[in-house]
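**Student:** A single structure is presented below for examination.
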């Protein structure tokens, strides 16, 4: 049986294993013939879309991994607009609107509202959240 | 669709309390049937006497009191937490109702989507 998944990522990539677990889950689901309806980045999870994240060369770049997955499978990576603006994650359009003088959201991600997560919860067969409650 | 949100964080210590509540409001705005359970430390979100001035945060009670405007009437805390945290029903907002462990369990069984924050 093939299932569609809605994934919520609420852990930030440098301190929380959650976003890497989400990536691995996403890959495993797609490799097994399931589909991912949407990945929604919420709360501290929005940092996964920061293209300025520059880990040492022998460490994994979470934003680049999501980008690679997005390119391969055309999955919908949506960054929650209210979580993102609070944390300084902006695309070109938001940067222009708030006159921020620069933007840092990686290609492959799009900014969207909570309605898109509600829609994903309704449409997908399963909803899975990645993010610890303890941060 | 029945959405159940289970909150476990107090109002001002962590941004997830407010942001997850916004998610619940969005679910209700999209015409879903929303129930909220304020479990463990989240019971503090329901305390009637809150003063957020020293936290430099917006008062949390504003959103809690706005829940009925979004047609969210199923607002619960756990009876067990009420005694654990020494917060009797009279200390909590009147729109919140106590749930026994059995009632909590059946609420979870009847939900289509459960998310905890």
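**Student:** Just the ratio, please: alpha-carbon radius of gyration of the range B:2-116 over 2.2 N^0.38 Å, N its number of residues. Mind showing how you got there, number by number?
**Tutor:** Values: Rg = 13.3 Å, N = 115, 2.2 N^0.38 = 13.4 Å.
Normalised by 2.2 N^0.38 Å, the Cα Rg of the range B:2-116 equals 0.99.
**Student:** Tally the DSSP beta bridges in chain B and give the antiparallel ones as a percent, rounded to 5. Please list the in-between numbers first.
**Tutor:** On the way: 1 of 19 bridges.
Close to 5 percent.
**Student:** Starting from the Cα gyration tensor of the range A:67-123, take the square roots of the eigenvalues, sort them a ≥ b ≥ c, and report rounded, prolate or oblate (rounded when a/c is under 1.5, otherwise prolate if a/b is larger than b/c, else oblate). Working shown, then result.
**Tutor:** On the way: a/c = 2.94, a/b = 1.37, b/c = 2.14.
In terms of gyration-tensor shape, oblate.
**Student:** What is the angle, in °, between the Cα long axis of helix A:62-73 and the longest principal axis of the Cα atoms in chain A? Nearest 10 is fine, range 0 to 90.
**Tutor:** 50 degrees
**Student:** So if the hydrodynamic radius of the range A:1-68 is defined as the Kirkwood radius over C-alpha pairs, what does Stokes-Einstein give as its diffusion coefficient at 37 °C and 0.692 mPa s, in µm² per second? Write out the running numbers ahead of the final one.
**Tutor:** Values: Rh = 12.4 Å.
Translational diffusion coefficient: 264 µm²/s.
**Student:** With everything on Cα atoms, drop me the angle between helix A:114-123 and the longest principal axis of chain A, reported from 0 to 90° to the nearest 10.
**Tutor:** Between the helix axis and the principal axis of chain A, the angle is about 10 degrees.
**Student:** Among DSSP beta bridges lying fully in chain A, give the percent that are antiparallel, nearest 5.
**Tutor:** Numbers: 1 of 19 bridges.
Among the beta bridges of chain A, antiparallel pairing accounts for roughly 5 percent.
**Student:** Continuing with this model, one more query. Above 23 angstrom, tally the Cα pairs of the protein assembly as shown and express them as a % of all pairs, no decimals. Don't jump to the answer; show the numbers that get you there.
**Tutor:** Values: 16869 of 31626 pairs.
The calculated P(r) of the protein assembly as shown puts 53 percent of pairs beyond 23 Å.
**Student:** Here's a follow-up. Defining a contact as two alpha carbons under 8 Å apart and six or more residues distant in sequence, what relative contact order in percent does the range A:4-133 show? Let's see the in-between values first.
**Tutor:** On the way: 232 pairs, mean separation 47.7, N = 130.
That works out to 37 percent.
**Student:** P(r) for the range A:4-130: what percent of alpha-carbon pairs falls in each 5 Å bin, starting at zero?
**Tutor:** The calculated distribution, bin by bin, is 2, 12, 23, 25, 20, 11, 5, 2, 0.
**Student:** Which whole-number percentage describes the relative contact order of chain B, with Cα contacts under 8 Å and a sequence gap of 6 or more?
**Tutor:** On the way: 187 pairs, mean separation 42.4, N = 117.
Contact order relative to length: 36 percent.
**Student:** In whole angstrom, note down how far apart the Cα centers of the range A:57-128 and the range B:74-117 are.
**Tutor:** With the range A:57-128 and the range B:74-117 each reduced to a Cα centre, they are spaced 33 Å.
**Student:** Between 0 and 90 degrees, rounded to the nearest ten: what's the tilt of helix A:18-31 against the longest Cα principal axis of chain A?
**Tutor:** 40 degrees
No value in this document is a laboratory result; all are computed from the given coordinates. Remember, it's a predicted structure, so these values are computed and weren't measured experimentally.
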